[in-house]
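Have a look at the structure below, then the notes.
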Amino acid sequence: MMEKPILILLAAAVISFVGSIQIGPVNITVIQTVLQRRFRDGLLVALGGCIPELFYAAAAVWTGMWLDQNPHIWRIMEWASVPALIMIGVFVLRSSQQTTSKTTAIANHSHVVKGFTLAIFNPQLFPYWLFILVQFQGYPPLKVQHPEEQIAFVAGAVLGAWGLLFGVAYLTGRYREQILQQLGQVNLTKALGWLFLGMAALQFFKLIH
């Protein structure tokens, strides 16, 4: 029989991979970066986009119960995500009209930061991993209790997201010309900015209802 931590890691990785398939800011930015720059830059965005998975999965494991007992703290975090998403959306829309030149070192750093920033303000990540953790607790082979099982759960969350984003970057680079032909004059940066504003609106309406 497979050891429990390995089973938890694999299950969390598959769930993370499937959950990352939905089109979101990080996915779009990875595609945009590979199309406009190069495959390596897209991987750096993907790397930055995976780091918040680690934070939020760990939060679900180690502080999820505390937040569940203090809903007012989570409520503040939910409301704080609305202006944060709006500011990011406006910034991205403004940047779509500007072109800048940077050194390779700064560019590499900014790609990782860009991916991290896009994902860290995703209001769905923490409740998503908290929900998954609760589901795991209902199945003895997946119940997360001991430190090695907690580490396996968090590692699986990160590995699944990285696998999906790596695949997105690879397929974009592999079929770059075909994708560019299909996109035509579509401004992905502007689309990304409006996506953030849409996410802020959805989050706001969810909170007031």
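From the protein chains alone at 1.4 Å, what is the descending order of accessible area for T117, T29, largest first?
T117, T29
At 7 Å along Cα-to-Cβ for each site, give me the label-to-label distance between L54 and R40 in nm.
With each label point 7 Å from Cα toward Cβ, the separation is 2.2 nm.
For R38, list long-range residues whose amide hydrogen, built 1.01 Å from N in the peptide plane, is under 5 Å from its own amide hydrogen.
Under 5 Å from the amide H of R38 lies no amide H from a residue far enough along the sequence or on another chain.
Give the calculated FRET efficiency between L171 and K206 to the nearest 0.05, with a Förster radius of 30 Å applied to their Cβ-Cβ distance.
0.40
Please give the length that would be gained between V134 and H72 if that part of the chain were fully extended, namely 0.36 nm times their separation in residues minus their C-alpha to C-alpha distance (nm, one decimal).
In short, 20.3 nm is gained.
Work through the residues other than V26 whose Cβ is under 12 Å from its Cβ and net out their charges, Lys, Arg +1 and Asp, Glu -1.
Neighbourhood net charge equals 0.
The values are calculated or read from the model by the stated rules, or taken from the named source; none is laboratory data. Predicted model only: the values in this text are computed from it and were never measured. Counting neighbours? That spans all protein chains shown, and the Cβs are built from the backbone with ideal geometry, glycine included. Keep in mind that these areas ignore ligands, DNA and RNA; they rest on the heavy atoms of the full protein, side chains included. Shrake-Rupley method; radii C 1.70, N 1.55, O 1.52, S 1.80 Å.
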